[in-house]
1. Summarise the accessible area of the chain (1.4 Å probe, protein heavy atoms) by the percent that is carbon and sulfur.
2. So what J values fall out for region 14-20 if you push phi through Karplus, 6.51 cos²θ - 1.76 cosθ + 1.60 with θ = phi - 60°, rounded to Hz, Gly and Pro as x?
3. Could you calculate the FRET efficiency of GLN28 with ILE49 from 1/(1 + (r/R0)^6), where r is the beta carbon distance between them and R0 is 22 Å, rounded to 0.05?
4. Charges only on Cβ, +1 for Lys and Arg, -1 for Asp and Glu: so what's the dipole of region 1-56 about the Cα centre, in debye to the nearest 20?
5. Can you tell me the accessible area per residue over the chain, all protein chains present, probe 1.4 angstrom, in square angstrom?
6. Suppose only helical runs count, i.e. DSSP H with n ≥ 4. What mean residue ellipticity at 222 nm does that imply for the chain under -39500 (n - 2.57) per run, divided by all residues and rounded to the nearest 500 deg cm²/dmol?
7. Once you have the Cα-Cα distance between ILE10 and PHE56, take 0.36 nm times their residue separation minus that, and quote the gain in nm to one decimal.
8. Are there any GluC sites (Glu not before Pro) in region 1-66 that are in a DSSP loop and have at most 14 other Cβ atoms within 10 Å? List them by number.
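The values are calculated or read from the model by the stated rules, or taken from the named source; none is laboratory data. This is a predicted model, so every value here is computed, not measured. Cβ: placed from backbone, ideal geometry, glycine included. Neighbour counts: every protein chain shown. In case anyone asks, the SASA skips ligands and DNA or RNA and just uses the protein heavy atoms, side chains included. Shrake-Rupley method; radii C 1.70, N 1.55, O 1.52, S 1.80 Å.
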Amino acid sequence: MICPDKFTSIDDSILSKSTKLLMEAGAQMTVGQLRSETEKFFPDVVDFILALDTLFALGKIDFNESTGMIIYVD
């Protein structure tokens, strides 16, 4: 499900779905706000969390624990 293969299409892979969460560098929002704005793309919360994990691992987002905000980075 993370990477496309002969059983998982590119559109169904988490790498592709993660792009639905991308915003401008410097943008900030809470996980709850992001979830409510992108719920139509992620009916299953597991895919939403996996997409967030993927963006974090790729260095596209950061999480501020004190404010609870996701911060988009370059």
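1. Values: 2790 of 4890 Å².
Roughly 57 percent, rounded to a whole number.
2. Computed from phi, the couplings for region 14-20 are 5, 4, 6, 5, 4, 5, 5 Hz.
3. Values: r = 19 Å, r/R0 = 0.85.
The computed FRET efficiency comes out at 0.70.
4. I would put it at about 40 debye.
5. Counting only protein heavy atoms, the per-residue value for the chain is 66 Å².
6. Values: 3 runs with 25 residues, N = 74.
Calculated at 222 nm, the ellipticity per residue is -9000 deg cm²/dmol.
7. On the way: separation 46, 0.36 × 46 = 16.56 nm, distance 2.00 nm.
Length gained between ILE10 and PHE56: 14.6 nm.
8. Counting only loop positions with at most 14 other Cβ atoms within 10 Å, the GluC sites (Glu not before Pro) in region 1-66 are GLU24, GLU39, GLU65.
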